[in-house]
1. Pairs 37/284; 42/279; 163/215; 42/78: which exceed 26 Å Cα-Cα?
2. In terms of modelled amide H atoms, which long-range or inter-chain residues lie less than 5 Å from the amide H of residue 177?
3. How about segment 79-151: which trypsin sites (Lys or Arg not before Pro) there are in a DSSP loop, with at most 13 other Cβ atoms within 10 Å of their Cβ?
4. When the Cα centres of segment 54-108 and segment 124-174 are compared, how far apart do they sit, in Å?
5. Using 31 Å as the Cα-Cα cut-off, could you pick out the over-long pairs in 43/149; 210/337; 8/32; 50/206?
6. What is the fewest-to-most order of 40, 80 by other Cβ atoms lying within 10 Å of their Cβ?
7. So how do 294, 341 line up by other beta-carbon neighbours within 10 Å, fewest first?
Amino acid sequence: MFCYNTLKKVLFKFEPETAHNMAECSLRIVGKCKILKNIMEKKNFNTNSKLSQELFGVTFSNPVGLAAGFDKNATMVKAMPSLGFGFTEIGTMTPKPQDGNPKPRMFRYPEEKSVQNAMGFNNEGAHKVLKNLKKVYPASIPVGVNIGKNKTTPEEFALSDYKMLIKKFEATSDYLVINISSPNTPNLRDLQNEKFITELFTMAKKFTNKPILLKIAPDIEVQVAIDLCNSAVNAGAAGIIATNTTIDYSLVPNCQDFGGLSGACLTDKSYTIFKEIAKELYGKTILISAGGISTAEQAYARIKAGASLVQSYSGLIFEGPSMVRKINEEMLELMAKDGYSNIQEAIGADLK
Ligand SMILES: Cc1cc2nc3c(=O)[nH]c(=O)nc-3n(C[C@H](O)[C@H](O)[C@H](O)COP(=O)(O)O)c2cc1C
C-alpha cells in the first residue's frame, strides 16, 4: 500500500487519461513478461476454492471482476489475473472505430474517491479488437465482451450494430454485455425501453446460445428498471449488470455537468437499486453488481444481496493493485464469520 500511495502521488499529477495510458502501458508489459506476471499473480490472485464458482459454463476462481471501460481494446487481458481479478470485461467496443468525445473527458475527485468520464466509447473498432482478443482468448480467467452502437448509427439501425457485434464476438467470449446505459453516446439510454430490449434479445436468441447480459444505468426509476430487467430475462438475457455510471451530479460537489460519475459517490445509489432488482430477479437470472465497490464489506454486501459476481473500475484508481487481493482475502474472513464454506452459500443469503 505504501508503494501505491507513493506511485499514486506521481500518477495523480498527470491528466487522468494520461495516467490511464501509462497504466495500460505497464499492464501490457506485465502481460508479456512471464516472470513479472507470475510473481504478481502468485501474490494477488486468490486460488482458495471457497471463492470459486461455475457460471455460464466456465469457472470464476473469484467473484471480483474488472468492469468495462478500463480495457476497451482488449490489450490488457493477460495482465488482469496479476491484479487479482477473477474475470475481466473488455469494451465497450463498437462496430467501427471511434475517437470518442473531445478531451478532457475524464476527471478525478480524490477527496470523494470518485471519477467522472465522458469518454464516448473511444475504441479501435470491432475488427481490431477481435484481432487483439484472438491473441489471448481463451484466457486463464473468463472474458466478457461489452458491446455498444456507434455514435453515428441512428437509433432505428441500433439493432443491426448489436447483431453484427454479437456474431463477431460470440466465439471469442465467455459472455457478452449489451451496453445501452452509457450516458456518453447521445440518445443511447433511450434504448433502455422494453420494446428494444425484447427485440434485441429475441433476435440474439435465434442465432446464438452465448450468454448475453444487459447492463443498466443507476438513474432509472426502480420499477422501470425492474420491468426492463424482466423483459430482458423473459426475452433470453442470461443476466443483468447493475450499474453503469450515474448522471446524478449532486453526488460530487463542483463536478462537471456532463459524463457519468463512478467510484465512492456511486456506492449507495448502485447498491440501493441493485437490492431492489435482486429482490425481483434473484434466482431467475445471474446478477452482477458494479458501482463504487472497493472493499470486501461492499463486495460481500452485494453478494449477500444476490450478486453472483461484482465488478470494479474506479476503486482500482484509488486503491491500486492490491485492492482485489484484499477484497478476496477479507471476504473469506467475512464468509467464515457467517459460517459459509463457499461463495455459493453467501450469494443471495439476505434473500433466503
Ligand atoms: C473512465 C471510465 C470508462 C468507462 N467506460 C465504460 C464502457 O466503455 N462501457 C461500460 O459498460 N461501462 C463503462 N464504464 C462504467 C464502469 O464499467 C462501471 O459500470 C462504473 O464505473 C461503476 O463502477 P465503479 O464505481 O467501480 O467504477 C466506465 C467507467 C469509467 C470510470
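Taken together, the values in this text are just the output of simple stated rules run on the coordinates, not laboratory data. Model, not experiment: these values are computed from the prediction. Cβ: placed from backbone, ideal geometry, glycine included. Neighbour counts: every protein chain shown.
1. 37/284; 42/279
2. 145, 146, 147, 213
3. 135
4. Centre-to-centre distance over Cα atoms comes out at 12 Å.
5. As for pairs spanning more than 31 Å Cα to Cα, those are 43/149; 210/337; 50/206.
6. With the fewest neighbours first, 40, 80 line up as 40, 80.
7. Ascending number of Cβ neighbours within 10 Å: 341, 294.
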